[in-house]
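> First, the structure itself, so that you have it in front of you.
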Amino acid sequence: SLLLQKGVSEVDAMIERLIENMDVDMEAKVQSMTMATDQSVDYELADTAVGWENTTARTFENMLVQKEADEDQARRWFAEDSQDKLWSTGDIFVVFHTTADRDRVLAMSDAVVKELSGCAGDDRKVKIAQIFSEPPSINWWHMPVSKQDMKRNTQFAAVKTLAIIAMVQLFIVLPFAYFIVWPYSKTGSVAGGAKMQIAGVILGNVNMFVSLQIYMTSFGLGFHRKDTVDMTVFGGNTILLFINTFFNIFTNALMVFSRNHKGVGPEIFVTLESLFAIGIEGSLAESIYFMMMPGTFFVGFAMCIVMAGVVPFMLNYLLMKVVYVWRCLPSFLLTVVKAILPFAADLTLDHYPFRRAEKAFEPMEISLGGDYAGMIINPSICFCMLFFVSPYVWRTFMMLFLSTLFQYFFARYQHLRFCKACYYTGNKLDTIVNFFWGVPLSIIAAAWCAWGIRSEHIGSGASIPAKFVLVNAAFFTSLLIWVGSYQLLLRPFQRQDELMEEDGSNHADVKAELLYSWFNCNPAFVLKCEYYLNAKQAGSSPSTSSRAHPLACGEDPNEVRFFQVGKEYLFLRPEKQKLVDRDLRSASEVETILERVLEFCGGFMTLCVHTARRRVRASVETLQWDKDSQPLIPKTKSEMKLRDHDMQTRDLAR
């Protein structure tokens, strides 16, 4: 199994060193191949080439020493006679050559369980389950986390998220409503227009900030599968948007209803009796419209690019320059700044390995869960406008249409040019979202019922509470019909892998097409292949070697590789690296634009530094001073100016 239960930090550090070595080794092979063929290196890798001086080891000799230490550690983890083995979690991923082999084993699963029960011990049971997931979608680092720990982490994260939402309502929404919105209701007016647009912009920004917090928190809960993380992100963001948005709508409704002097209340939504009541509806619809436009419709999405891309990139770039390039602060202040720089807490002030810089600049993954939450809440709010009699109803739906067009192109840019690629294997997230889509559809059904009551086609003569019961009944009946029909007719939770492959591909064919496999994605197994199996094979005869053991590799079956998104080029042979680096930079990517802007600004800084150094060097070289002799007493004004200039030059030189 080789799934970690102890030594996670040691395995993590060893994997990072292995990735550094793979990068430098590939660069050396490319340069060697280029020199052997007498070709010029004219592709992007030449400008970003890395050597041993850019790694954690800093020299080739130190790398060899560190590799020997890693081999010793791997021998203690994986050797049969070791007393300090790396513990297994008890989860074993079995990989078959073909689906036919897998089906034969599953057909006799009872016999397999009986055969293996003796190995597990009396207090443990062997279970066989079929996994439908891509290897990169397994959170290998979280496999040691037990269900009890995941439950405890989830509960703590839920309390933390609710506390953040409560603080947002307490310190942002309520003060804005109390000090800005409510004073208008006391004068018989409504806070509309620009004031509600400001409220919507604030709400959109707050929702985006908390959504990013939910996204980052969900990845640390310990879930073993990525689809569980995605559903957690979707659930958390849906609750966030629902609470923040509808609480804001509630405060606006309370303001609108409290300013009238005729006792008009929510009963206006099931009756149609006076123009005054229609005016109240129009005021509330206006407040909701300006709250949604542009804050909820546009600003929140755009802020994701700024807060999750531009700000971290600029900040980390500045911190790296201040600490490791310019060094323009005293050492104790540089140490404080270094603590803020990601992945630099354990480093010194004189070296920042390139692998740490890569991780610091790494963007966020594609988060469909967060996008789906907005696709449920925003239409739900717009469909609530169907209850109103107001010219802002059609404007809201027009803005929803424009927002949909904006989000279509924005999501394409965000997912393809801004976010890091990731794998969505199963359909659990899509299925849950489709179930939730019954909520906005059911709001339409409730609005249909409300207008039926208003026109006295439904519930004519019924009391106000009875009419509200009918509206709620229409909502929940529609929701039940949608959920039941979707489940019974489509059966979305049916196993996806029942549609088996019919092309007869084996494990080698699939691995050649996808690069990754169940071997090169497992961090502990990769270390076993690199530092234990290879060393064992090198020190044994061919008859006793472990060459039959499967290796975690790429195109070259003899080179151990660890798969990570963004490091796919390491799986290809050196002669293909030129093709990999074609069009490496694109003007449509945020990083490329920021790099060009910072390079332009950095040119001024470099010019200032070189100018200052040249002046100091020239002054020192022309300074005629014998420090053992006494300075001459100036007799004329020119000699006095020359002495002052020499003293200033010495001070500057020091």
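> Consider the stretch 266-288. How many of its residues are open to solvent by 30 Å² or more (accessible area, probe 1.4 Å) and assigned to a helix (DSSP H, G or I)?
Of the residues in that region, 8 qualify.
> Would the stretch 112-135 turn up any residue that is modelled with pLDDT of 85 or more and touching a Pro at 6+ places or on another chain (Cβ under 8 Å)?
no
> Would you confirm whether any residue within the stretch 247-256 is modelled with pLDDT under 75 and either out of contact with any helix residue (DSSP H, G or I) (no Cβ under 7 Å at 6 or more places or on another chain) or outside any helix (DSSP H, G or I) (or both)?
Yes; the residues of the stretch 247-256 include at least one that is modelled with pLDDT under 75 and either out of contact with any helix residue (DSSP H, G or I) (no Cβ under 7 Å at 6 or more places or on another chain) or outside any helix (DSSP H, G or I) (or both).
> Conditions: (1) of a type outside the set (A, V, I, L, M); (2) under 17 Å from Ala129 (Cβ atoms); (3) exposed (fewer than 13 other Cβ atoms within 10 Å of the Cβ). Arg102 meets all but one. Number of the miss?
Every condition holds for Arg102 apart from (3).
> Kindly provide the set of residues from the stretch 382-399 that are open to solvent by 40 Å² or more (accessible area, probe 1.4 Å) and either of a type in the set (Gly, Ala, Ser) or touching a Cys at 6+ places or on another chain (Cβ under 8 Å) (or both), ordered by number.
Selection gives Phe397 alone.
> On to the next question. Report yes if Val311 is modelled with pLDDT under 80, assigned to a helix (DSSP H, G or I) and within 40 Å of the chain's Cα centre (by Cα), otherwise no.
Spelling it out, it is not the case that Val311 is modelled with pLDDT under 80, assigned to a helix (DSSP H, G or I) and within 40 Å of the chain's Cα centre (by Cα).
Yes or no, residue by residue, for (1) free of Cβ contacts under 8 Å to residues at least 60 places away in the same chain; (2) part of a loop (DSSP other than H, G, I, E, B); (3) under 26 Å from Val11 (Cβ atoms):
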| position | (1), (2), (3) |
| --- | --- |
| Glu71 | no, no, yes |
| Leu86 | no, yes, yes |
| Phe93 | no, yes, yes |
| Asp101 | yes, no, no |
| Asp149 | no, no, yes |
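> Moving to a separate point now. With the condition kept exactly as written, say whether any residue in the stretch 385-398 is more than 24 Å from Tyr516 (Cα to Cα), free of Cβ contacts under 8 Å to residues at least 12 places away in the same chain and among the aromatic types (Phe, Trp, Tyr).
Yes, because at least one residue in the stretch 385-398 is more than 24 Å from Tyr516 (Cα to Cα), free of Cβ contacts under 8 Å to residues at least 12 places away in the same chain and among the aromatic types (Phe, Trp, Tyr).
> Are any residues in the stretch 329-355 surrounded by 18 or more Cβ atoms within 10 Å (Cβ to Cβ), assigned to a helix (DSSP H, G or I) and touching a residue at least 60 places away in the same chain (Cβ under 8 Å), and if so, which ones?
Arg355, the sole residue that qualifies.
> If the requirement is being closer than 18 Å to Glu591 by Cβ and of a type in the set (D, E, K, R), which of these qualifies: Glu273, Glu365, Glu267, Glu281?
The unique qualifying residue is Glu365.
The values are calculated or read from the model by the stated rules, or taken from the named source; none is laboratory data. Source: prediction; values computed, not measured. Please note: Cβ atoms are built from the backbone with ideal geometry, for glycine as well, and neighbour counts cover all protein chains shown. When the accessible area is computed, the model is the full protein with side chains, heavy atoms only, and any ligands, DNA or RNA have been set aside. Shrake-Rupley method; radii C 1.70, N 1.55, O 1.52, S 1.80 Å.
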